[in-house]
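Worksheet for the structure shown next.
Nothing in this text is a laboratory measurement; each read-out follows from the coordinates by a stated rule. What you see is a predicted model; the values in this text were computed from it and never measured.
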Amino acid sequence: MHDTIVIGMENWDGVWRRMQPVTQGIARRNPGGKHLFVGLSIDVSHAVRKGRLAAIAPALSWPKPRLADGESNVYLLNTIKLLPDTLTAGRLFNQAFAAAQIRSACRQLGIVRPVLYMNPHYAASLVGHMDECAAIYDIGDDWTSLPQKEATRRRTIREDRELCAKADAVVVVSETLFELKRPMTKKLYHIPNGVDVDRYLRVLGDKIAPLPLTSEWKRPVAAYTGTLHKDRVDLDLVVEIANRLPDVTLVFVGPVQLDDANRRKITAPGNVVLAGEVAYGDVPAVMAGFDVCMVPHRVTPFTMSLSPLKLYEYLASGLPIVATPVSGFRDYPDLIHLASDADAFAAGIRSALAEPAAQGAARQTLAREHSWDKRFDAIEAVIIESINQRTEEISCRQSVPSYR
């Protein structure tokens, strides 16, 4: 049994990514422990600069941990960030202030000697300051390859290298990340994302009622779940596919992170729908309104570093899948229609709409090999090994005689 501090790169909200199911799995396997999920900071300086004064209201008092809805031992915390990170002094102050707030939350909850489980590269400053019994860095994306300002990219690379070196263990989700991080780490483990298979099995064969919003879509529907962002989704490819398939509705379900110009571009063909975000619990019901799952991702070093959650969710649903040959999807050419350009993608959707039902059952069988339960077995083994290794190192240091 152990307590845990999980540092995430997002909040515990309606859209779940890797850290939410990982935290939930750790907590349920350690019911006697307390588990603190630290989400995004409340950025006071940014809110002031943008004139969003209402956004800083929660920062007017010292942050307190709160119990996550539906959980018995998972607590949530959003720290307060006062100064811009672009200034070195400001960043150092923010790091020390965040650590103090997290330690305060741990004292309030009675968290003692926790495992420090970190997703963001910028959490490197926390290692050694949480009285942790082990520090684990879980990498879900190659943020060093994401297009960004040069100064930000250099800092990202520096923080990533620092955390790889400091952590007792590094967990990566893809083979690409494994090769990238191998020279930087003490202990390296490849543990991809997973899926709660039973949540999605009912999608196949109309065993679950579709969300009402799906009735607004003209069938057939080829759809995507997840954040719509130009660094992941190939917007030009989507437009070309839509133009080639005027009788198919292309739907994007999830947060839309596009500027107005790109929104206009992607919806210009008239058969592209930006449905917006749905709650995590409603994802299977919205997928019940799909005929085909699509993944028109750009093929870049960043997308090749991923282990997409949607891969396993799509497989568990049994629905036909059409995708560009990016990480994860390219590994299953017998069960996924792979396409490198608009013509092939449009043809893939046509083929997917006509494929035999047996393919769906085969995808669901494969999904069972990638359940979150199996992933949690591997993650828990890493945690236990890291705790034991840290304990042995401390014991060895204490047993070495001091000579003066």
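Okay, here's what the table says:
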item: Filter on 310/374; 187/374; 207/310; 34/186; 50/81; 207/374 - keep pairs with C-alpha separation over 24 Å; result: 34/186; 207/374
item: Extension reserve of the residue 158-residue 341 stretch, reckoned as 0.36 nm per residue once the Cα distance is removed; result: 62.3 nm
item: Three semi-axes of the equivalent ellipsoid, region 197-366, Cα gyration tensor, whole Å, largest first; result: 22, 18, 16
item: Span from the region 207-231 Cα centroid across to the region 244-305 one, whole angstrom; result: 8
